[in-house]
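What follows is a short report on a single structure.
The values are calculated or read from the model by the stated rules, or taken from the named source; none is laboratory data. The shown structure was predicted, so the numbers you read here are calculated from the model rather than taken from an experiment. Cβ placement follows ideal geometry from the backbone for every residue including glycine, while neighbour counts extend to all protein chains displayed.
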Amino acid sequence: MSAQSHVGPAHADLHKPEEVVQVFVYGHSALFYWWPLWVAGYVMALLTWWHHEQAVIGTKQEWFYPNQNLGVIFALLLFVLTVVTSTKIKGMKAALVIAAGAFLTLLFVHLNWWETILGWLGHQSISLSFGFYFFYSSLLFLTWVISVFVIDHLSFWRFRPGQITHEYLGGIVENSYDTDNMTFSLNRQDDFFRHWFIGFGSGDLHMQTMGGQGMKLGVENVLFVGSKMFQRSSA
């Protein structure tokens, strides 16, 4: 997502057209919000490599962290991201619930209570190996990069004074819309955890054309959507 401007030199002919400001808006899939998982996976792989114990599984020796804290944190993070990206959790109360859950998780890690809690559940093991952390995080990271920087960029919206075009593959125009009497709105961005904590000010952009054949258009998960709207209004 970027803005481009073409500005003529200071001695340009006064009869040349004024500068044309273009704003490019890219929507993203929900996979964008999964970046904390591959980051955490790499961190846990590093911690496991740095401080590990060996266990023989089959004929191979595997590296595991000495306790189950890392596995519990990874599993809970996976659960939270699944819920956050597949449901509409809104409001500051939801953010406080998530923050409280994170605090209790880390508190139990500090007090080493997870071993006791898992003992109540039949001494279940949530230990994950170094190989799992590294392989899973690498797979998710590569998928995330391809999705965010390649696939999501195959379709974009170009905003120019008086006109909006929906384009594919770097310039193939599918639809063009006149901005006269077109209304623009943002969602409330009240999903604090998704929009602000892991989304960097993301949100959905809604547009509606006027007239007898008015159409509702939308671009989901636009990063820095507030600044994009400001750039558009300045165009």
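I want to confirm something. Restricting to the range 215-235 and keeping residues that are modelled with pLDDT of 65 or more and part of a loop (DSSP other than H, G, I, E, B), which single residue is farthest from the chain's Cα centre (by Cα)? Result: M215.
The set of residues in the range 7-54 that are of a type in the set (A, V, I, L, M) and at pLDDT 90 or above comprises L31, L37, V39, A40, V43, M44, A45, L46, L47. For the list (1) without any contact (Cβ under 8 Å) to a residue 60 or more places away in the chain; (2) over 17 Å from L128 (Cβ atoms), I need the number of the one condition that G27 fails. Here G27 meets the rest and fails (1). For beta carbons closer than 8 Å, sequence separation of 6+ or different chains, a first residue in the range 101-128 that is in the same structural domain as W63 (by TED's automatic domain parsing) and without any contact (Cβ under 8 Å) to a residue 40 or more places away in the chain and a second that is among the aromatic types (F, W, Y) and part of a helix (DSSP H, G or I), the qualifying pairs are F108/W114; I117/F108.
Within the range 159-176, the residues that satisfy the criterion of being crowded, with 17+ Cβ neighbours inside 10 Å and either hydrophobic (A, V, I, L, M, F, W, C) or not assigned by TED's automatic domain parsing to the domain that holds V222 (or both) are F159, I164. So which residues in the range 49-60 are of a type outside the set (A, V, I, L, M) and either surrounded by 11 or more Cβ atoms within 10 Å (Cβ to Cβ) or assigned to a helix (DSSP H, G or I) (or both), if there are any at all? Passing the criteria: W49, W50, H52, E53. Does L154 qualify as being loosely packed, with under 12 Cβ neighbours inside 10 Å and closer than 21 Å to A30 by Cβ? Answer is no for this residue. Which members of the range 188-197 meet the condition of being surrounded by fewer than 17 Cβ atoms within 10 Å (Cβ to Cβ) and either at pLDDT 80 or above or in a loop (DSSP other than H, G, I, E, B) (or both)? Passing the criteria: R188, D190. Hey, can you tell me all the residues within the range 129-171 that are touching a Leu at 6+ places or on another chain (Cβ under 7 Å) and of a type outside the set (S, T, Y)? The answer is L140, W144, L154, L169.
What are the residues in the range 61-79 that are outside any helix (DSSP H, G or I) and at pLDDT 85 or above, if any?
Correct list: Q61, E62, W63, F64, Y65, P66.
Restricting the range 61-85 to residues that are aromatic (F, W, Y) and in contact with a helix residue (DSSP H, G or I) (Cβ under 9 Å, 6 or more places away or on another chain) leaves a set whose member that is surrounded by the fewest Cβ atoms within 10 Å (Cβ to Cβ) is W63.
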